[in-house]
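Below is one structure; the comments refer to it alone.
The values are calculated or read from the model by the stated rules, or taken from the named source; none is laboratory data. These numbers come from a predicted model, not from an experiment. A quick note on method: Cβ atoms are made from the backbone with ideal geometry, for glycine too, and the neighbour counts reach across all protein chains shown.
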Amino acid sequence: MTRLSQYAALLAASVLLALPLPAAAGGILAPFILHPIRRELTAAQVAEADRVFARESARRVDFSVTAQDEVTLRGWKVRAAHPSGDWVLLFHGRSQNRLSMMNYAKFLLASGYSVVMMDARAHGESGGTVATYGHVEQYDSRTILDALADTEPVRHVYALGESMGAAVALQAAGIDPRIEGVVAEGAFCNLHEVIYDYAGFRVSAFLGKTVFRPVAIYAVHEAEHQGGFRFDDVSPAEAVAERKFPILLISGLSDHNIPKRHAQAIYAAAQGPKELWLVPGARHQKALETAPAEFKHRVLNFFSSAQDGHFAFETSGESLPDRNR
């Protein structure tokens, strides 16, 4: 984090401390947690996406699914040039939309994988007003996969997500055995735990657990009340402990949003084949940008290994392999 960012965090902290505690927590943090910024797709952005797909000879189809609570989820199915029945579900981060996953879609399509790119509830063109970080979204994913299987040949299904999307992907795989492996970059281990990182203004979780602990407690209490779910129930770490499935965890060593301890906690809890790749110099959601060739190699090798069940994880650099089954 830059010195300017640290000054900004300290200034924000001073403002919070000057406010009555319940007002600071409930009035500022709870709505921020539950109601992400909605970024709509523009015609120009869709046209550019179509040009990217055309270069890969891929075909985009609008995809609309109705969730269990009647919320409409919107996105795309994009078929590879020569569809094999292998699909990757792409899960975007908070306050983003399906377009943030274009760079992943591009190399996956080029490698023969078809992709599903949906806007999460309360994001993009999908309905809903509250983000629950996997509490409801994991069941949205199951509904999306049901609709995919009803309309497309499906042989193998994998998932790739970043940040909030990574957490959702892990939780979705925890309840749906059709998802055969998950690549998760920048996932939090537990929603309650990551609140301390944000309460500490991304400078230090220690601040969130000490100086600003009352703020975090009140914010969680208010958000749970407004959102109707418990933060402790939103737990990728529990999901990977309850069902054995292959995971590739990725964390940037310069990620101050969701630092590496979250990926390490998920790795420790996982019962299936697992690998942790800590990427030097990578910030939040920037592993592909920081190490593009290695990222693509690791992801494609992971999906291939998940398909045939033979894992030979690499041990170079900061990678931590484990062949538990």
Qualifying positions in region 285-309 - under 15 Å from Leu249 (Cα atoms) and of a type in the set (D, E, K, R): Lys286, Glu294, Lys296, Arg298
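Look through Gly174, Gly161, Gly124 and report the one residue that is under 26 Å from Phe32 (Cβ atoms), touching a helix residue (DSSP H, G or I) at 6+ places or on another chain (Cβ under 8 Å), assigned by TED's automatic domain parsing to the domain that holds Arg59 and not in a strand (DSSP E or B).
Working: Gly174 fails: under 26 Å from Phe32 (Cβ atoms); Gly161 fails: not in a strand (DSSP E or B).
Checking each option against the conditions leaves just Gly124.
Could you say which residue among Glu275, Glu289, Glu314 is of a type outside the set (Lys, Arg), farther than 28 Å from Val234 by Cα and either outside any loop (DSSP other than H, G, I, E, B) or modelled with pLDDT of 95 or more (or both)? Walk me through it before giving the result.
Values: Glu275 fails: farther than 28 Å from Val234 by Cα; Glu314 fails: either outside any loop (DSSP other than H, G, I, E, B) or modelled with pLDDT of 95 or more (or both).
When all the criteria are applied, what remains is Glu289.
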Hey, any hits in region 131-145 for a residue that's of a type in the set (A, V, I, L, M, F, W, C), touching an Asp or Glu at 6+ places or on another chain (Cβ under 6 Å) and either not in a loop (DSSP other than H, G, I, E, B) or not assigned by TED's automatic domain parsing to the domain that holds His284 (or both)? no
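Can you work out which of the residues in region 98-112 that are surrounded by fewer than 22 Cβ atoms within 10 Å (Cβ to Cβ) and not charged (D, E, K, R) is nearest to Ile258 (Cα to Cα)?
As a first pass, look at region 98-112 and keep what is surrounded by fewer than 22 Cβ atoms within 10 Å (Cβ to Cβ): 99-100, 102-103, 106-107, 110-112.
Among the residues that remain, those that are also not charged (D, E, K, R) are: 99-100, 102-103, 107, 110-112.
Numbers: Leu99: 22, Ser100: 18, Met102: 22, Asn103: 21, Phe107: 25, Ala110: 30, Ser111: 30, Gly112: 31 Å.
The selected residue is Ser100.
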Could you list, in sequence order, all residues of region 76-95 that are within 16 Å of the chain's Cα centre (by Cα) and touching a residue at least 60 places away in the same chain (Cβ under 8 Å)? Val88, Leu89, Leu90, Phe91, His92, Gly93, Arg94
Number of the exception - Ala187 against (1) at pLDDT 65 or above; (2) of a type in the set (Gly, Ala, Ser); (3) part of a helix (DSSP H, G or I); (4) buried (at least 17 other Cβ atoms within 10 Å of the Cβ): (3)
Return only the number of the condition from (1) surrounded by 21 or more Cβ atoms within 10 Å (Cβ to Cβ); (2) closer than 24 Å to Val220 by Cβ that Tyr139 does not satisfy. (1)
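Can you confirm whether Leu160 is of a type outside the set (Lys, Arg) and at pLDDT 90 or above? It would help to see each step written out before you state the result.
Details: of a type outside the set (Lys, Arg): yes; at pLDDT 90 or above: yes.
Answer is yes for this residue.
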Residue within region 167-181 that is modelled with pLDDT of 95 or more, within 19 Å of Ala282 (Cα to Cα) and of a type outside the set (Val, Ile, Thr) present: yes
Where Leu29 falls short, out of the listed (1) buried (at least 16 other Cβ atoms within 10 Å of the Cβ); (2) modelled with pLDDT of 95 or more: (2)
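Yes/no matrix, rows are residues, columns are (1) in the same structural domain as Ala159 (by TED's automatic domain parsing); (2) buried (at least 20 other Cβ atoms within 10 Å of the Cβ); (3) part of a loop (DSSP other than H, G, I, E, B):
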site	(1), (2), (3)
Ala44	yes, no, no
Val52	yes, no, no
Asp62	yes, no, no
Ala81	yes, no, yes
Gln96	yes, yes, yes
Please determine, by comparing only the residues of region 145-159 that are of a type in the set (Gly, Ala, Ser) and in contact (Cβ under 8 Å) with a residue 60 or more places away in the chain, which one is surrounded by the most Cβ atoms within 10 Å (Cβ to Cβ). Ala159
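Could you tell me whether region 105-121 includes any residue that is part of a strand (DSSP E or B), among the polar types (S, T, N, Q) and under 21 Å from Ala49 (Cβ atoms)?
Going through region 105-121, the residues part of a strand (DSSP E or B) turn out to be 114-118.
Now drop any that are not among the polar types (S, T, N, Q), which leaves 114.
Going one step further and asking which of them are under 21 Å from Ala49 (Cβ atoms), we end up with 114.
Checked against the condition, which is being part of a strand (DSSP E or B), among the polar types (S, T, N, Q) and under 21 Å from Ala49 (Cβ atoms), region 105-121 yields at least one hit.
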